[in-house]
1. Is there a simple number for the mean count of other chain Cβ atoms within 10 Å of the Cβ of residues in B:33-46, and what is it?
2. Counting DSSP beta bridges in segment B:1-117, what percent are antiparallel, to the nearest 5?
3. Could you grab the relative contact order for chain B? Cα pairs under 8 Å, six or more apart, rounded to a whole percent.
4. Highest first, please rank the peptides B:30-38, A:100-108 by the mean number of other Cβ atoms sitting within 10 Å of their residues.
5. Other chains' Cβ within 10 Å of A:12-21 residues: what's the mean?
6. Using Cα positions and a limit of under 17 Å, work out the lysines in reach of B:LYS99, with same-chain residues fewer than 8 apart set aside.
7. Anyone know which of B:GLY219, B:GLY133, B:GLY265 comes out most mobile in the 10 Å Cα GNM of chain B?
8. Once you keep just the Cα pairs under 8 angstrom separated by 6 or more residues, what percentage relative contact order results for segment B:18-110?
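Only the coordinates and a few stated rules stand behind these numbers; no lab work does. This one's a predicted model, so the numbers in the text were calculated from it and none came from an experiment. Here Cβ is always computed from backbone atoms with ideal geometry, including for glycine, and neighbour counts include all displayed protein chains.
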Amino acid sequence: MSAPTPLPAAFAEIVDDFQALGGRDRLQLLLEFSEGLPALPARYAEHPELLEPVPECQSPIFLVTEVEGTGREATAHLFFSAPPEAPTTRGFAGILAEGLEGLTVGEVLDVPADVTEQLGLAEVVSPLRLRGMAGMLGRIKRQLAERAGA
Amino acid sequence: MSVPLDPAPSLQQYAHPEKLVTTAWLAENLGTEGLVVVESDEDVLLYETGHIPGAVKIDWHLDLNDPVTRDYVDGEGFAALMGRSGISRDTTIVVYGDKSNWWAAYALWVFELFGHPDVRLLDGGRAAWQAEGRPMTKDAPEPAAAEYPVVPREDAPIRAYREQVLDFLGGQLVDVRSPQEYTGERTHMPDYPQEGTVRGGHIPTARSVPWARAAAEDGRFKGREELEAIYLAEQGFDASAPVIAYCRIGERSSHTWFVLRYLLGFEDVRNYDGSWTEWGNAVRLPIAIGEEPGEAPAR
């Protein structure tokens, strides 16, 4: 067993924030992430076909990534679209947006797949629903790896 | 029954109008003693974004399922859930939720596994309430704990297990999923994580009647004549013979279960909650692919 890769600072902070709260307050924090999810820029809002669906989520969510540069040093940008009737999915997207936006592609690829389990949301959201968040992370990584050639 | 029925004329067309309330009735009766409103959604966070004043939240994953046995909660678990939700055995429960009341119908169905005497559905659910601009709040209620007896769950009348479905092939078996799920045409792509089931298709001999055909555009149920045109005239179902409905995990089929049992008055309707998630993955269970129901294999 190798030592786990440390989380990027922004993501580690989010994990700490969730861990510091009790169950019901974790839901409230997830709601805040849901409400804080940035709107799509016009170039995607007007072209929803450019976004990739995430069927692991129960509710419709679409995501797209952009890279500046090539390889692991490229900078990653993330964009998400989910309707207001799907606040859980929006909340997951909001966490990923805040935790990963602007990192290098290499840093995102190194984020452990089980990071979604470190948020302490399983008991208030259910493990099955968390799989949707893991599905988003998996797709973000694959897109970034393809686009950056990393 | 502690709370009067909704006398709305629009409900009287159905076989069991006592199982529905209108948004107008609920608005007038909010706060009535003996009435508890329950919100049950697909999205676990939707309630926190705002809900009908006084409504308590019951979540299908977190409250109704037992993750260890992969079954519903038992009598003790249900009594505890009801008790902390402020519900006693003589409480009138009105359930509503998102997605045209899928999860609300599912919760209602689970409540009936425990024989709760008076549980009704808000016709149109959350969407209808919101569309009419009725009050919503983020304030979480703090219901006074209630005493709820430990009642054994009784699955047999309204719940089907896979062995029973296998014995039922050729009967009035209805698949309420989308046409694409029914035929087995799948949209997954290579190298993508595959959630759900290994095989696509349907249970042999099942008829395809997507649940949404019973819902009007506003999320309310269609009128009885329209429903009869689908299930009686078109499908030729016999209301006095048994029916089993299924979908992917039992939530959409709860909606159809409610339609057949309470709106059309079918006498014997069961929901196969194992549904395609179980059947599609199970060893030694036959499937059919394509648009035709298919034949029951010789056994």
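1. 4
2. Working: 2 of 9 bridges.
Given both bridge residues lie in segment B:1-117, the antiparallel proportion sits at roughly 20 percent.
3. With pairs under 8 Å counted, the relative contact order is 20 percent.
4. The packing order, highest mean first, is A:100-108, B:30-38.
5. Taking the mean over all residues of the peptide, I get 0.
6. Straight-distance partners of B:LYS99: B:LYS57, B:LYS222.
7. B:GLY133
8. On the way: 102 pairs, mean separation 34.9, N = 93.
This gives 38 percent for segment B:18-110.
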